[in-house]
1. Volume per residue, Å³, of the convex hull around the alpha-carbon atoms of the chain?
2. Determine the percent antiparallel among the DSSP beta bridges restricted to the stretch 1-149, to the nearest 5.
3. Quick one: among 382, 197, 224, which has the greatest mean-square fluctuation in a GNM of the chain with alpha-carbon springs under 10 angstrom?
4. How big is the convex hull of the Cα atoms of the stretch 142-280, per residue, in Å³?
5. Out of all DSSP beta bridges in the chain, what portion is antiparallel? Express it as a percent rounded to 5.
6. What distance in nm separates the simple spin-label points at residue 401 and residue 354, each placed 7 Å from Cα in the Cβ direction?
7. Rounding to the nearest 10 and keeping the result within 0 to 90°, find how far the Cα-based axis of helix 97-108 lies from the longest principal axis of the chain.
8. Against the longest principal axis of the chain, how steep is helix 344-355, in degrees 0 to 90 to the nearest 10, with axes from Cα atoms?
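Rule-based calculations on the coordinates, nothing more; no lab input. From a predicted model like this one, the values you see are computed outputs, not experimental measurements. Cβ coordinates were reconstructed from backbone atoms using ideal geometry, including for glycine residues, and neighbour counts include every protein chain displayed.
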Ligand SMILES: [Zn+2]
């Protein structure tokens, strides 16, 4: 079992002088006159007591020379930690979606609760060290092995709750939610505050997909359980899944939050149609998780050709229509994606050229912070003001460019207490 060392003398009290993104400071009055760099950073002195921010001050410019970049602890809104680190045994060398699915199936047959626990613990440990405070993971939950994995992850959710808030999404074939067993699973998921998941990727039968989506939403309404779908992770049939979902939502009033993960092929729609769907999604309060890394690797493949069409959720167009969009890392070193390390800073860095969104823009940063928190329904949106949680990651870098050019070492402030990169409590600053 791994947990950071906790020193009994930890007081949850301290202060730090650092560069902090101006867009994430809510107490406008306190920092109204703070200088802002071209990358949107302000030099601040932040104090906290009993794990909560107590005061925010502007730092004099003479004290900014050696300041580091401070961020709120970060969020992974879409992961699969039940299958992480399986690439070595199940390498999908062709990099195709079909290849990944086939190997996922083979690997799934060999899962045991012990194997799943060890992978998931490794992922949580790495994520914590990299600066994550919250992770939403999809869990292959179909059948006996699926049910065992679900129980393991929900057990870890309780064990890790002081360090990482884990959200679990039960990933099963969409039609399963229309069955008696599916309903039983849904009630179990609801009782553990999880989410109902599924995959809607074309080609599919429109009528049965409509019916399955309708039944899923009806069940979700009845048991009060949010939904997170893998939808339109495809280079073909633009927005085929979203089209069915919108049709269903014209006939049933959904009372729970819906997240559309991927929504990649939507980007291939003509601009007016894209805007129409984005507006509809905003109207139905649907959130989107864009997953640039797995989309960039799996989609748009053509044999012996470099892809020129790169389907990825149209983040900016969705934001312009008022849809909340988060950016996630998705798979980590498994058949679906050979890379990744649950590192939110590396994710930002790798996503910049794919999304052309940068953290020095308000909407670029929100996709990793406040929008991700809103989509996950987290208590804290990641902005700082008096009484906000003292939960920070301190990067060994002075600017965004420096932080994103190579993964920097980092320190953590969790519940107001300092931890070093290895999560050993190392400093009291009271
Ligand atoms: Zn996924």
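1. Convex hull of Cα atoms, per residue: 143 Å³.
2. Of the beta bridges lying entirely in the stretch 1-149, close to 70 percent run antiparallel.
3. With Cα springs under 10 Å in the chain, the top fluctuation among 382, 197, 224 is at 224.
4. 122
5. Around 45 percent of the beta bridges assigned by DSSP in the chain are antiparallel ones.
6. It is 2.4 nm.
7. On a 0 to 90 degree scale, this one is about 80.
8. 60
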